[in-house]
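Everything below concerns the one structure shown next.
The values are calculated or read from the model by the stated rules, or taken from the named source; none is laboratory data. What you are looking at is a predicted structure, and each value in this text was computed from that prediction instead of being measured. Heads up, the Cβs are rebuilt from the backbone with ideal geometry, glycines too, and the neighbour counts pull from every protein chain shown. Heavy atoms of the whole protein, side chains included, go into the accessibility calculation; ligands, DNA and RNA do not. Shrake-Rupley method; radii C 1.70, N 1.55, O 1.52, S 1.80 Å.
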Amino acid sequence: MGSGVGAVALCIFFLLLVPHEVESAIGVNWGTLSFHKMRPSTVVDLLKANKITKVKLFDSNPDALRALMGTGIQVMVGIPNEMLSTLNSDLFVQQNLSRFIDKNGADIRYVAVGNEPFLTGYGGQFQNYVVPAMVNLQQSLVKANLASYVKLVVPCNADAYESNVPSQGMFRPELTQIMTQLVSFLNTNGSPFVVNIYPFLSLYGNSDFPQDYAFFEGSSHPVPDGPNTYYNAFDGNFDTLVAALTKLGYGQMPIVIGEIGWPTDGAVGANLTAARVFNQGLISHVLSNKGTPLRPGSPPADVYLFGLLDEGAKSTLPGNFERHWGIFSFDGQAKYRLNLGLGNRGLKNAKNVQYLASRWCVAHPSKDMTQVGDHLRLACSEADCTTLNDGGSCSQLGEKDNISYAFNSYYQMQMQHEKSCDFDGLGMVTFLDPSVGDCRFLVGVTDKGLSSSAEPMARWSIYHICIGVLIWRFWTLTI
């Protein structure tokens, strides 16, 4: 009798969760490749304060999922590409879905099977594992009674399809067979096609790309395509995918934008103004329900901005801008005014952020810096110095401020450990903020309260504090 009651209760619970049909919304990607991570509960509070109801993760981090439990925020969890070939689907569903989905649990709606696994740069190393992994996962979802609620998707890079004009869009020839299998699977199981679109990368990688075509203000270089004309890269890219899906017989398949955004630093054209104009234009365009020439009145099902927070530990192989996509800085502070269309007129900052002590590491004002090269290489190979490069917000600093920025980035990454500001006597700790103009010298945050490696202020003697302040003040007054 007990098991029968439990089964009935479980059925009622899932009936309450359905239907899946919800209004389109703006969501965010929550990436965690950072040297300075806020507590997951602080990030979730940030989502709630900004009325963000959809979040996409790149893994199934249990701390993040626990923080999301009971919030009503819809979640997409991810399976990294490297896991696809050896994935135990039953174990994955048990450990990452079933134990978090409950009456007051995490509202997990999607599982992203890989992340851009068909990217040309991967040379096909992941693509043969995608569909088999999805088939196995679907069977595991059925066994766990989750198949009607949790949907499987594959976020694809826009390089999966190609064309000179949108109406001629088609998937890359080597992907035709696997894409046919994929979209058939998605259609059978009620899943959308997820695509990542980045007009910034088109502009960054092509000096001939018209700058105004990347935005939503209208372009002096529109793209004619038969009876249609395209005035922005997003619509053109989106409709190229629509045409490619149509050629496979799935022209009405729902499309979700898994990633889209604009960086604020690390390259020419990556700045606060451009990011605000692009993201606000995108949001207004999508929420207007205008749609695109091939799908008039039918915008994407959902759009996930990339990203929520800056990620200072991301690879810079594509470019230094990779660490600066966030609409918030790493510590949850809004970078610019943005109306997400979710009820707030602007972004609300994170609260109760656990900062380290207010102190910085700078170049010692009285020391000769001619031998600083090796120390700079060490600092910037481990910490984030991308804002110092051309186009960055700190690229106009003088030589000594450059050194100070690098020293401080390393010092904060090392949780302000005393020895991490030594640099053979070339560094010193100051309690006066050395930030210059728009160039911010950061203070780290922690997700563990006060870190044991970040020595409490009380352990610094009054003598050290006073000497540091006097030396720094003397130097700043004499240069």
Worksheet item: Restricting attention to region 182-202, which residues are in a loop (DSSP other than H, G, I, E, B), open to solvent by 10 Å² or more (accessible area, probe 1.4 Å) and within 30 Å of V268 (Cβ to Cβ)?
Response: Y198
Item to complete: Quick one: count up the residues across region 40-72 that are farther than 25 Å from K103 by Cβ and open to solvent by 30 Å² or more (accessible area, probe 1.4 Å).
Response: 1
Item to complete: With respect to G312, determine if the residue is open to solvent by less than 50 Å² (accessible area, probe 1.4 Å), in a loop (DSSP other than H, G, I, E, B) and in contact with a Lys or Arg (Cβ under 8 Å, 6 or more places away or on another chain).
Response: yes
Discussion item. Just checking, does region 253-276 include any residue being in contact with a strand residue (DSSP E or B) (Cβ under 6 Å, 6 or more places away or on another chain) and either over 25 Å from V44 (Cα atoms) or not assigned by the TED database to the domain that holds V44 (or both)?
Written reply: yes
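Yes or no, residue by residue, for (1) modelled with pLDDT of 95 or more; (2) touching a His at 6+ places or on another chain (Cβ under 9 Å); (3) of a type in the set (K, R):
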residue: I79; (1), (2), (3): yes, no, no
residue: K103; (1), (2), (3): no, no, yes
residue: D107; (1), (2), (3): yes, no, no
residue: P117; (1), (2), (3): yes, no, no
residue: T120; (1), (2), (3): yes, no, no
residue: A133; (1), (2), (3): yes, no, no
residue: K143; (1), (2), (3): yes, no, yes
residue: V150; (1), (2), (3): yes, no, no
residue: V154; (1), (2), (3): yes, no, no
Discussion item. Quick check on V135: is it assigned to a helix (DSSP H, G or I) and open to solvent by 40 Å² or more (accessible area, probe 1.4 Å)?
Written reply: yes
Fill in: The listed residue being in the same structural domain as D235 (by the TED database) and surrounded by fewer than 21 Cβ atoms within 10 Å (Cβ to Cβ), out of V93, V142, V153
V142
Worksheet item: Are there any pairs, at least 6 apart or on different chains, whose C-beta atoms fall under 8 Å, with the first in region 240-253 and free of Cβ contacts under 8 Å to residues at least 12 places away in the same chain and the second open to solvent by less than 10 Å² (accessible area, probe 1.4 Å), and if so, which?
Response: G251/V242; G251/L245
Worksheet item: If you go through region 330-341 one residue at a time, do you hit one that is touching a Leu at 6+ places or on another chain (Cβ under 8 Å), outside the structural domain of R276 (by the TED database), free of Cβ contacts under 8 Å to residues at least 40 places away in the same chain and not in a loop (DSSP other than H, G, I, E, B)?
Response: yes
Discussion item. For a quick check of your reading of the model, give me the residue pairs whose first member lies in region 407-436 and is without any contact (Cβ under 8 Å) to a residue 24 or more places away in the chain, whose second is open to solvent by 20 Å² or more (accessible area, probe 1.4 Å), with beta-carbon atoms closer than 8 Å and at least 6 apart or on different chains.
Written reply: none
Practice prompt. Please state which of the following conditions K103 fails to meet, knowing it meets all the rest: (1) touching a Leu at 6+ places or on another chain (Cβ under 9 Å); (2) buried (at least 17 other Cβ atoms within 10 Å of the Cβ); (3) of a type in the set (D, E, K, R).
Written response: (2)
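Listed here are the residues, each with its yes/no results for (1) within 23 Å of the chain's Cα centre (by Cα); (2) assigned by the TED database to the domain that holds L305; (3) not basic (K, R).
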| site | (1), (2), (3) |
| --- | --- |
| T53 | yes, yes, yes |
| M69 | yes, yes, yes |
| I73 | yes, yes, yes |
| I79 | yes, yes, yes |
| T86 | no, yes, yes |
| K103 | no, yes, no |
| N115 | yes, yes, yes |
Item to complete: Look at S393 and say whether it is open to solvent by 30 Å² or more (accessible area, probe 1.4 Å), under 21 Å from D265 (Cα atoms), of a type in the set (S, T, N, Q) and not in a helix (DSSP H, G or I).
Response: yes
Item to complete: Restricting attention to region 158-181, report how many residues are open to solvent by less than 30 Å² (accessible area, probe 1.4 Å), of a type outside the set (F, W, Y) and within 27 Å of N228 (Cβ to Cβ).
Response: 7
Discussion item. Can you list residue pairs whose Cβ atoms sit under 7 Å apart, with the first residue in region 48-59 being acidic (D, E) and the second being part of a loop (DSSP other than H, G, I, E, B)? Count only pairs 6 or more apart in sequence or on different chains.
Written reply: D59/P80
Worksheet item: Restricting the search to region 319-329, which residues are open to solvent by 10 Å² or more (accessible area, probe 1.4 Å) and touching a Leu at 6+ places or on another chain (Cβ under 8 Å)?
Response: S329
Worksheet item: Of the residues G266, G281, G312, G291, which single one is farther than 18 Å from T53 by Cα and over 20 Å from the mean Cα position of the chain (by Cα)?
Response: G291
Worksheet item: Taking the condition open to solvent by 10 Å² or more (accessible area, probe 1.4 Å), over 25 Å from V28 (Cα atoms) and of a type in the set (S, T, Y), does Y110 pass?
Response: no
Fill in: Every residue from region 10-48 that is modelled with pLDDT of 65 or more and among the aliphatic types (A, V, I, L, M)
A25, I26, V28, L33, M38, V43, V44, L46, L47
Worksheet item: Considering only region 267-298, how many residues are part of a loop (DSSP other than H, G, I, E, B) and closer than 21 Å to L338 by Cα?
Response: 6
